[in-house]
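Written below as structure tokens is the structure these notes are about.
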Protein chains: 2
Amino acid sequence: VNEFDVIRRLSGLLPPQPDEVIVPIGDDCAVVRLGDKTWAAASDMLVEGRHFKGWATPEDVGYKAVAVNASDVAAMGGTPRFVLVSGAAPDAETALGVFAGVAEACRELGVYPLGGDTTGADALAVDVAILGELEAAPVLRSGARPGHLLAVTGELGASAAGLLALEGGVEGFERLKGRHLRPRPRLRVGRAAARLGAGAMVDLSDGLASDARRICEMSGVGCMVDLDKLPISDDTLKLAARLGRDLGMLAATGGEDYELLVCAPERILGETAEAAEVPLTVVGEVTGSGEVVFRRGAGVVEDLSGWDHFA
Amino acid sequence: VNEFDVIRRLSGLLPPQPDEVIVPIGDDCAVVRLGDKTWAAASDMLVEGRHFKGWATPEDVGYKAVAVNASDVAAMGGTPRFVLVSGAAPDAETALGVFAGVAEACRELGVYPLGGDTTGADALAVDVAILGELEAAPVLRSGARPGHLLAVTGELGASAAGLLALEGGVEGFERLKGRHLRPRPRLRVGRAAARLGAGAMVDLSDGLASDARRICEMSGVGCMVDLDKLPISDDTLKLAARLGRDLGMLAATGGEDYELLVCAPERILGETAEAAEVPLTVVGEVTGSGEVVFRRGAGVVEDLSGWDHFA
């Protein structure tokens, strides 16, 4: 069971959808018309023991909770504007650390914290709800069409590599650890893709393998992804080699990169990369087959699986 | 440390306040102008072991998480419209139960769930962020003035009595247990008070003693509350007697009643009660002294304390 199963099983219980709701639950954000503007809304919760352990400071957790929500807004093509932050913490100093990290992310990302809640708890948990402003039509998960290319921003696998370094107590590799602890949402790319008319977009939180599958399901299409084309940095490669990890699998299934996966015609991808001054790497193409195929060398990789929150 | 300390200690770290923000953090809700409408925004988190124990079903927890947030909107004079819901649960069935309770509260209160997040965790935690629509100027905590009367809706102490029954495994007293498990936000009273121009309003989550103190602090006034005037139902009285509890203290400090405390001239209180068809009981008056005094019989009760989330 994940949030999609929850949505399906509860859909009969929900109240009628108000006229203001343009995109309901099921995308990176819901989209709602409030007054004369259009807003993207989402929430994401980080829980100790699941999303982070002792290697993350309370400041890191607060920062990341804002950043991953901003990434959801980026994936709709919006600008994050306001957050509400609820924190459950074992003591007051931890709560203050979390909110200091929240404030740091808010300053960097231009987001304003409207309020929230603070409560005691045995384990640290931080939930952020975000409102982002949309200036162009939102880019949905359901707009991928045969003929679109699949491209990703930046690099893949760095966050998963950083997590391995943190979990394993590996010295060095600070850049990779930082990618895991304090991801940077791709706001400029998201906005440019929306303005230029990209077909579909999602932020890579669960890993390319499952996020690409989700886009295909919601668009009613298939895709072919070439794992050999995934953009991977030298330090990720070096760490994977040292730990004996399969680099392609790390990049395809590691998750939490918070890069954007954009589906669009080649021309729009080029214009988006240029406008945002961020590299976009073509990793595959949308097909009409309904199948999701991951190629590597001359072969096909079977059973690339996603992330199950209750696994 | 509570959320007010957090706010004070972090205020220097926050980004500049955008023009759209009309009321920042520190009231029941923040108030923000989005497009051509004014909205109240808040979030509140419920955590297993702190806010509820095994006597609450997942459905109860989901319901209450929406209801207490709707109560924050009521305390600004608004109409709750949209929620985002994040749930951390030990297993999928528990998560589904929470969201079924959320859906039930949404249907009853006319709120639409825009989305949220589901994650695994050892302990159940539910955070709801809410957006409410304001049709009149929001009623703040800072608008109490000498000459205003203090009035409360409905009854006090019922939720605390229900909690005692739940914790003690007392049979019967289902109405009181229901008041604790599934509070009903005072939406009509809140809207009427705002439309009619009440001076100050807060929802009674921490208990009258501390919530009245907070209104006085934020308004720069004092008050006199007569504990003998608190509206208490017969079943609350009966249970308190059976358990040997001080009824006045239960009603003044029990918390979680989610009734509204309204400060306004007598005429506005009368018109509000009539418009909303809900009883409002005058329990005291605002004074210019700066002191907060709780009277009982001929004497004064000292040291009526509030709720500390980390105590």
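The values are calculated or read from the model by the stated rules, or taken from the named source; none is laboratory data. Please read these numbers as outputs of a predicted model, since none were measured by experiment. For neighbour counting, all protein chains shown are included, and Cβ atoms are generated from backbone atoms with ideal geometry for every residue, glycine included.
Before we move on, is residue A:131 more than 20 Å from residue B:120 (Cα to Cα), touching a residue at least 24 places away in the same chain (Cβ under 8 Å) and among the aliphatic types (A, V, I, L, M)?
So residue A:131 fits the description; yes.
What do you reckon, is residue B:132 over 30 Å from residue B:249 (Cα atoms), away from chain A (no Cβ under 11 Å), in a strand (DSSP E or B) and at pLDDT 95 or above?
In short, yes.
Any chance region B:54-67 includes a residue that's of a type in the set (S, T, N, Q), facing chain A (nearest Cβ under 7 Å) and not in a helix (DSSP H, G or I)?
No, every residue in region B:54-67 fails to be of a type in the set (S, T, N, Q), facing chain A (nearest Cβ under 7 Å) and not in a helix (DSSP H, G or I).
Results for (1) over 30 Å from residue A:263 (Cβ atoms); (2) surrounded by fewer than 24 Cβ atoms within 10 Å (Cβ to Cβ); (3) out of contact with any Pro (no Cβ under 6 Å at 6 or more places or on another chain), shown as yes or no for each residue.
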position	(1), (2), (3)
A:119	yes, yes, yes
A:124	yes, no, yes
A:136	no, yes, yes
A:144	no, no, yes
A:153	no, no, yes
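Sort through B:47, B:23 and tell me the only one that's facing chain A (nearest Cβ under 7 Å), surrounded by 16 or more Cβ atoms within 10 Å (Cβ to Cβ) and either under 22 Å from residue B:142 (Cα atoms) or of a type in the set (Val, Ile, Thr) (or both).
B:47
Those residues that are farther than 22 Å from residue A:164 by Cα and crowded, with 24+ Cβ neighbours inside 10 Å, I need them from region A:198-215; list them, please.
Scanning region A:198-215 gives A:198, A:200, A:201, A:202, A:212, A:215.
Look through A:210, A:205 and report the one residue that is under 30 Å from residue B:95 (Cα atoms), of a type in the set (Gly, Ala, Ser), in a loop (DSSP other than H, G, I, E, B) and in contact (Cβ under 8 Å) with a residue 40 or more places away in the chain.
None of the other options fit; the residue is A:205.
Quick one: count up the residues across region B:29-53 that are without any contact (Cβ under 8 Å) to a residue 24 or more places away in the chain, assigned to a loop (DSSP other than H, G, I, E, B) and small (Gly, Ala, Ser).
1
Residue-by-condition table, conditions (1) surrounded by fewer than 18 Cβ atoms within 10 Å (Cβ to Cβ); (2) at pLDDT 95 or above; (3) among the β-branched types (Val, Ile, Thr):
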position: A:248; (1), (2), (3): no, no, no
position: A:258; (1), (2), (3): no, yes, no
position: A:265; (1), (2), (3): yes, yes, no
position: A:277; (1), (2), (3): yes, yes, no
position: A:280; (1), (2), (3): no, yes, no
position: A:291; (1), (2), (3): yes, no, no
position: A:297; (1), (2), (3): yes, no, no
position: A:300; (1), (2), (3): yes, no, yes
position: A:305; (1), (2), (3): yes, no, no
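When residues of region B:13-60 are filtered for being at pLDDT below 95, touching a helix residue (DSSP H, G or I) at 6+ places or on another chain (Cβ under 6 Å) and among the aliphatic types (A, V, I, L, M), how many remain?
Count: 3.
Quick check on my filter: what residues within region A:104-129 are assigned to a strand (DSSP E or B) and either among the polar types (S, T, N, Q) or at the interface with another protein chain (Cβ under 7 Å from one of its Cβ atoms) (or both)?
A:112, A:113, A:114, A:115, A:116, A:117, A:118, A:119, A:120, A:125, A:127, A:129, listed by residue number.
Can you tell me how many residues in region B:227-244 are part of a helix (DSSP H, G or I) and either in contact with a strand residue (DSSP E or B) (Cβ under 9 Å, 6 or more places away or on another chain) or charged (D, E, K, R) (or both)?
Total meeting the criteria: 7.
Please go through region B:217-226 and pick out each residue that is under 20 Å from the mean Cα position of the chain (by Cα) and either surrounded by fewer than 24 Cβ atoms within 10 Å (Cβ to Cβ) or in a loop (DSSP other than H, G, I, E, B) (or both).
Listed by number, the residues that qualify are B:217, B:218, B:219.
Please work out which residue is nearest to the chain's Cα centre (by Cα), limiting yourself to region B:267-297 and to residues that are of a type outside the set (A, V, I, L, M, F, W, C) and under 12 Å from residue B:196 (Cα atoms).
B:272
With the requirement that a residue be at the interface with chain B (Cβ under 7 Å from one of its Cβ atoms) and either out of contact with any Asp or Glu (no Cβ under 6 Å at 6 or more places or on another chain) or surrounded by fewer than 24 Cβ atoms within 10 Å (Cβ to Cβ) (or both), what does region A:82-103 give you?
Passing the criteria: A:82, A:84, A:88, A:91, A:92, A:95, A:96, A:99, A:100, A:103.
Within region B:245-302, which residues are part of a loop (DSSP other than H, G, I, E, B) and of a type in the set (Ser, Thr, Tyr)?
B:258, B:289
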